[in-house]
Amino acid sequence: MSTTFPSGQGLADNRKWYVVDAAGQTVGRLATEVARVLSGKNKPIYTPFLDTGDHVIVINARRAVFKGSKAEQKLYRHHTLYPGGLRTIGVKDQFAKHPERVIELAVRGMLPKSKLGRAMGKKLKVYGDADHPHTAQRPEALKLSERAAAARAK
């Protein structure tokens, strides 16, 4: 019995494009599903050291939601690399200024912290509204897993 093994040749040619509507979705649950597709874990040819994932377009990022007290308590921090340069912004302010960054940071935090993870992250496109410039790629609507749909119904 032989096992087929992807060689890494032609992986970019067989990538699909998916579109996900983030309206009313919980940010963390949406990010886990998107990270699975970006890394290729939803495919039977998944290999940990190859980028077997697909492209994902997230629309309506402005209408995604946080559950519980995260909307008031969650903070985003970055450092300017100057002394005393720690900058902090709350999630409400981040949503108001850059709603796409909230989704991007959530998804990229779930990808590997390596060159492979950065390559996976480049296949993510996030837009605050319903318009996106990727209609030429004919993206398919991504069906989220039943587990995520059941959690949303609660």
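The values are calculated or read from the model by the stated rules, or taken from the named source; none is laboratory data. Bear in mind that the values here come from a model prediction, so they are computed numbers and not experimental data. Methodologically, a virtual Cβ is constructed for each residue, glycine included, from the backbone with ideal geometry; neighbour enumeration extends over all protein chains shown.
Each residue in segment 83-130 was checked for being of a type in the set (Lys, Arg) and either touching a residue at least 40 places away in the same chain (Cβ under 8 Å) or part of a loop (DSSP other than H, G, I, E, B) (or both), and 4 of them qualify.
Take the conditions more than 23 Å from ALA23 (Cα to Cα), more than 11 Å from the chain's Cα centre (by Cα) and at pLDDT 95 or above and apply them to LEU50. Does it pass? Spelling it out, it is not the case that LEU50 is more than 23 Å from ALA23 (Cα to Cα), more than 11 Å from the chain's Cα centre (by Cα) and at pLDDT 95 or above.
Figure legend. Inter-residue proximity from segment 65-82: first residues in contact (Cβ under 8 Å) with a residue 12 or more places away in the chain, second residues aromatic (Phe, Trp, Tyr) and surrounded by 10 or more Cβ atoms within 10 Å (Cβ to Cβ), beta-carbon distance below 8 Å, spacing 6+ or different chains. Indicated pairs: LYS74/PHE66.
Conditions (1) among the small types (Gly, Ala, Ser); (2) touching a Cys at 6+ places or on another chain (Cβ under 9 Å); (3) surrounded by 19 or more Cβ atoms within 10 Å (Cβ to Cβ), marked per residue:
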| site | (1), (2), (3) |
| --- | --- |
| SER7 | yes, no, no |
| LEU11 | no, no, no |
| ARG15 | no, no, no |
| VAL19 | no, no, yes |
| ALA23 | yes, no, no |
| ALA35 | yes, no, yes |
| LEU38 | no, no, yes |
| LYS43 | no, no, no |
| THR47 | no, no, no |
